[in-house]
1. Across segment 42-88, what is the number of residues that are closer than 30 Å to LYS32 by Cβ and among the β-branched types (Val, Ile, Thr)?
2. Test of understanding: among PHE26, PHE70, which residue is of a type in the set (A, V, I, L, M, F, W, C), touching a Ser or Thr at 6+ places or on another chain (Cβ under 7 Å), at pLDDT 95 or above and not in a loop (DSSP other than H, G, I, E, B)?
3. Among the residues of segment 49-62, is any surrounded by 10 or more Cβ atoms within 10 Å (Cβ to Cβ), assigned to a strand (DSSP E or B), of a type in the set (Val, Ile, Thr) and touching a Leu at 6+ places or on another chain (Cβ under 6 Å)?
Amino acid sequence: MNTNDMMEKEDIFSKVLRAGRRTYFFDVRSTKADDYYLTITESKKFTNDDGSFHYKKHKIYIYKEDFSEFKDILNEMTDYIINEKGDEVISERHQKDFKKEYDTDSEEVEEDDIKPTGSFTDIDFDDI
């Protein structure tokens, strides 16, 4: 690896957000043409049965030509969530007295009442 290749991967400016088992890394990097772009990396810690642990990382790249629209949509989505649900976290993990909307043990639940949650695929993005 030559010096130019090493310089391309150098972080120009970085910030870290630690959030429980997740850590978010915001890094400004430089292109070959010496322009800047942003990478956002989510790193999540997982503990194995034997007590050892590993991290899964997901990375997205955001380029200057997309900043304005990306920022607008991110603001719109976060505002929507806060306006609809407030900024207090609602979950079993964060609230000991959390109750699910339906409980299959205590009452009958019609199949039409259960909303599908969709599926989640763990996607690893390769470095570009």
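1. Of the residues in that region, 3 qualify.
2. Numbers: PHE70 fails: touching a Ser or Thr at 6+ places or on another chain (Cβ under 7 Å).
Within the list PHE26, PHE70, the selection yields PHE26.
3. Residues of segment 49-62 surrounded by 10 or more Cβ atoms within 10 Å (Cβ to Cβ): 53, 55-62.
If we keep only those that are assigned to a strand (DSSP E or B) as well, we get 53, 55-62.
Pick out the ones that are also of a type in the set (Val, Ile, Thr) and you get 60, 62.
Going one step further and asking which of them are touching a Leu at 6+ places or on another chain (Cβ under 6 Å), we end up with 62.
The answer is yes, given that some residue of segment 49-62 is surrounded by 10 or more Cβ atoms within 10 Å (Cβ to Cβ), assigned to a strand (DSSP E or B), of a type in the set (Val, Ile, Thr) and touching a Leu at 6+ places or on another chain (Cβ under 6 Å).
The values are calculated or read from the model by the stated rules, or taken from the named source; none is laboratory data. Given the structure is predicted, the values throughout are model-derived calculations rather than measurements. Positions of Cβ are generated from backbone atoms using ideal geometry, with glycine treated the same way; all protein chains shown enter the neighbour counts.
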